[in-house]
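What follows is a short report on a single structure.
The values are calculated or read from the model by the stated rules, or taken from the named source; none is laboratory data. Since this is a predicted model, take the numbers as computed values, not measurements. We place every Cβ from the backbone using ideal geometry, glycine too, and count neighbours over all the protein chains shown. Accessible surface is based on the protein model in full, side chains and every heavy atom, while ligands, DNA and RNA are left aside. Shrake-Rupley method; radii C 1.70, N 1.55, O 1.52, S 1.80 Å.
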Amino acid sequence: MDILETDSRYRRKHMATVRNTVPKLLPFLMAVCNYFVLWIPLSEPSWYNALIKCLPIASLEFFVLIFSTGVGKFTPYAKKIFLGLVFSAAGDISLVWPDYFQLGMVMFGLAHLMYTAAFGFHPLNLRIFLVLALFCATFYSLTFSYLSGPFVPMVAGYTMLIGTMTWRALSRVSLASHDFSWARISAAVGSIFFMISDGVLAVDKFCFPISKSREIIMSTYYGAQMLIALSITGWSKDDFMWKSK
């Protein structure tokens with residue numbers, strides 16, 4: 001079997017995956033629409049509010065389980081993404097109540113650890129690391145004067161965790177035809193959205209209010225989680241290369 005046939009099989013497999021994936025995302029899309037339509041005031045923390053907020057993430061957990069069942073295997077990668085979503089849902093619930101903001105940071109920190117473990121550390125790509133390290137250090141230095149108490153070390157630690165997660169997601173992206181993967185691009189874009197969401201949240205909470213901050217934070221956050229969850233559906237061309245040998 002030559003490489004052209006391998007490419008054709010890859011494209012057919014990719015299109016089949018897309019067709020099977022879209023219906024499974026409907027609960028998530030409906031839950032996101034429900035959140036923005038209801039738009040429950042932040043001044044009214046309640047378990048109902050928490051449910052509406054974390055329902056999209058719970059829907060993505062369901063998506064990961066259903067997709068994994070459909071393909072007949074719950075891969076180590078999918079398991080780590082699933083655990084990241086579980087910790088994220090716990091973080092969403094915690095952030096509903098202002099008194100539990102620090103607990104929410106811990107939960108999201110654990111989520112980033114799970115995503116980082118899923119993305120792995122190969123290839124290393126130190127250039128991306130240096131760029132993100134400089135960006136994170138600059139961001140923290142600009143917000144440092146606004147922080148006090150336990151938030152001084154917590155924001156530093158959280159910034160390192162989300163920076164590391166983004167570094168690992170971006171490092172996996174390759175535009176070379178033999179190693180191209182939409183799944184890796186999805187995870188990489190999702191990680192960038194996550195940084196935007198948390199960056200706006202940090203500035204709005206600790207530094208100064210940002211107009212339409214909630215809309216920006218939640219839209220980029222849900223988009224980030226969806227793209228990271230979608231990365232479990234990817235098929236690398238390596239899956240078919242054995243047939244061309």
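At 0.36 nm per residue, and after removing the present C-alpha to C-alpha distance, how many nm does the segment from residue 37 to residue 66 gain when stretched out fully?
7.8 nm
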Q. Once the other residues with Cβ under 15 Å from the Cβ of residue 129 are scored (Lys, Arg +1; Asp, Glu -1), what is the net sum?
A. +3
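Report the full-extension gain for the segment residue 179 to residue 121: residue separation times 0.36 nm, less the Cα-Cα distance, to one decimal in nm. Show your work: numbers first, answer last.
Working: separation 58, 0.36 × 58 = 20.88 nm, distance 1.64 nm.
Residue separation times 0.36 nm, minus the Cα-Cα distance, leaves 19.2 nm.
Ordering 122, 112, 178 from largest to smallest accessible area (1.4 angstrom probe), what's the sequence?
122, 178, 112
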Q) Which whole-number percent is the relative contact order of the chain (Cα, under 8 Å, 6+ apart)? A) 22 percent
Q) Among (i) 1.00; (ii) 0.94; (iii) 1.03, which one is Rg/Rh (Cα atoms, Kirkwood Rh) computed from these coordinates? A) (i)
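Tell me, what is the percent relative contact order of segment 97-169, built from C-alpha pairs under 8 Å that lie six or more residues apart?
On the way: 34 pairs, mean separation 40.7, N = 73.
After rounding, I find 56 percent.
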(Q) If I fit a long axis through the Cα atoms of helix 26-38 and take the longest principal axis of the Cα atoms of the chain, what angle between them do I get, 0 to 90°, rounded to 10? (A) 20 degrees
Q: Work out how much length residue 44 to residue 133 would gain on full extension: take 0.36 nm times their residue separation and subtract the Cα-Cα distance, in nm to one decimal.
A: 28.3 nm
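Could you put 170, 124, 85 in order of accessible surface area, largest first, with the 1.4 Å probe and the full protein assembly present? Let's see the in-between values first.
Numbers: 170 45, 124 85, 85 0 Å².
I get 124, 170, 85, largest accessible area first.
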